[in-house]
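The values are calculated or read from the model by the stated rules, or taken from the named source; none is laboratory data. Note that this is a predicted model, so its numbers are computed, not measured. Ideal geometry is used to build each Cβ from the backbone, glycine not excepted, and the neighbour counts take in all protein chains shown.
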Amino acid sequence: MIECEKITKVYRTGDVEIEVLKGLSFRIEKGEFVAVMGPSGSGKSTLMHILGALDGPTSGVYRLDGHDVSKLSDDELADVRMNKIGFVFQSFNLLSRSTVLRNVMLPLMYAGVPEDKRRTQAEKALRSASLGEDRWHHLSNQLSGGQMQRVAIARALVNNPSIILADEPTGNLDSKTGEVVLGTFQELNNKHHHTIVLITHEPYVAEHAERIIHIQDGMILEDNKNHHRRMVHNHNEL
């Protein structure tokens, strides 16, 4: 599904070059739950932008579902971001004065999906994200942090993407709420077989994935199966 071959990323400011990614190569298969872990400045967020078709590598090849992403037109890239990739960010990025349901329906409005189908798909996504129906008509600013992140997960799911990219999704949450959100990702992977790539600097967050890619200074240090995966059994509503 995801194939990166000798990916580099160089930023230039005047005569100064900063090499952020230094020849990364790896594959992520359909249905995997992978954590990309590294300290601040390691290049993990730059890598996420490339995987999300938000930026391109300086050199190397990124293939998504067998297609070289660098050869896609702007319209084709927009279609990839709309339909193949669901994004979950640390800051939730919800419309505070819109209801939960409307926030989740928003990507479908941009995609021109009819209203009745928008509602059906949004409700399905909210159930998959384990947010109770009693919250669906609340404004997003009436929710707890954990509930807001579940809405963001549902919004990422609503177009039924091939991949979910989550960038520090527990960064604004306390540890207990973060565990619940990580449990939601595990459930999406285990029960619904979503491919998930989670970006984090926290080892305890990465331990919830089935595979961990460690990067530092723009290079892969380790890429191993996680044989001590931390499973979340307490999945109560927060």
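When Ser45, Ser25 are checked against the criterion of being at negative phi and out of contact with any strand residue (DSSP E or B) (no Cβ under 6 Å at 6 or more places or on another chain), Ser45 stands alone in meeting it.
Only one entry of Val113, Val104 meets the criterion of being among the β-branched types (Val, Ile, Thr) and outside any helix (DSSP H, G or I), and that entry is Val113.
A single member of Ser42, Ser25 is touching a residue at least 24 places away in the same chain (Cβ under 8 Å), loosely packed, with under 14 Cβ neighbours inside 10 Å and either in contact with a Phe, Trp or Tyr (Cβ under 7 Å, 6 or more places away or on another chain) or closer than 23 Å to Lys225 by Cα (or both), and it is Ser25. His208 fulfils the conditions (1) surrounded by fewer than 19 Cβ atoms within 10 Å (Cβ to Cβ); (2) more than 25 Å from Tyr110 (Cα to Cα); (3) of a type outside the set (D, E, K, R); (4) touching a residue at least 12 places away in the same chain (Cβ under 8 Å) except for a single criterion, (1). For segment 103-113, the criterion of being among the polar types (S, T, N, Q) and either in contact with a Phe, Trp or Tyr (Cβ under 9 Å, 6 or more places away or on another chain) or at positive phi (or both) is satisfied by no residue at all.
Exactly one residue out of Gly86, Gly112 is surrounded by 17 or more Cβ atoms within 10 Å (Cβ to Cβ) and under 28 Å from Asp55 (Cβ atoms), and it is Gly86.
Could you look through segment 1-17, keep only residues that are at pLDDT 95 or above and not hydroxyl-bearing (Ser, Thr, Tyr), and pick out the one that is nearest to the chain's Cα centre (by Cα)? The qualifying residue nearest to the chain's Cα centre (by Cα) is Ile2. The set of residues in segment 67-86 being of a type in the set (Gly, Ala, Ser), over 13 Å from Val197 (Cα atoms) and either touching a residue at least 24 places away in the same chain (Cβ under 8 Å) or outside any loop (DSSP other than H, G, I, E, B) (or both) consists of Ser70, Ala78. Taken together, Leu157, Leu165, Leu173, Leu139 contain a single residue that is touching a residue at least 40 places away in the same chain (Cβ under 8 Å), farther than 22 Å from Glu32 by Cβ and either buried (at least 24 other Cβ atoms within 10 Å of the Cβ) or among the hydrophobic types (A, V, I, L, M, F, W, C) (or both), which is Leu139.
Taking the stated definitions as given, is His193 under 21 Å from Ala35 (Cβ atoms), without any contact (Cβ under 8 Å) to a residue 12 or more places away in the chain and either surrounded by 17 or more Cβ atoms within 10 Å (Cβ to Cβ) or not charged (D, E, K, R) (or both)? Here the answer is no, as His193 does not meet what is asked.
Restricting to segment 142-154, and then to whatever is among the small types (Gly, Ala, Ser) and crowded, with 24+ Cβ neighbours inside 10 Å, can you tell me which residue is nearest to Asn83 (Cα to Cα)? Ranking the qualifying residues of segment 142-154, first place goes to Ala154. Under the condition of being in contact with a strand residue (DSSP E or B) (Cβ under 6 Å, 6 or more places away or on another chain) and among the small types (Gly, Ala, Ser), the residues counted in segment 1-18 number 0. Considering segment 1-22, the residues that are of a type outside the set (A, V, I, L, M, F, W, C) and under 15 Å from His49 (Cα atoms) include one that is surrounded by the most Cβ atoms within 10 Å (Cβ to Cβ), namely Lys9.
Matching residues to (1) within 20 Å of the chain's Cα centre (by Cα); (2) under 18 Å from Gly146 (Cβ atoms):
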position	(1), (2)
Lys84	yes, no
Phe87	yes, no
Gln90	yes, yes
Leu94	yes, yes
Asn103	yes, yes
Met109	no, no
Val113	no, no
Thr120	no, no
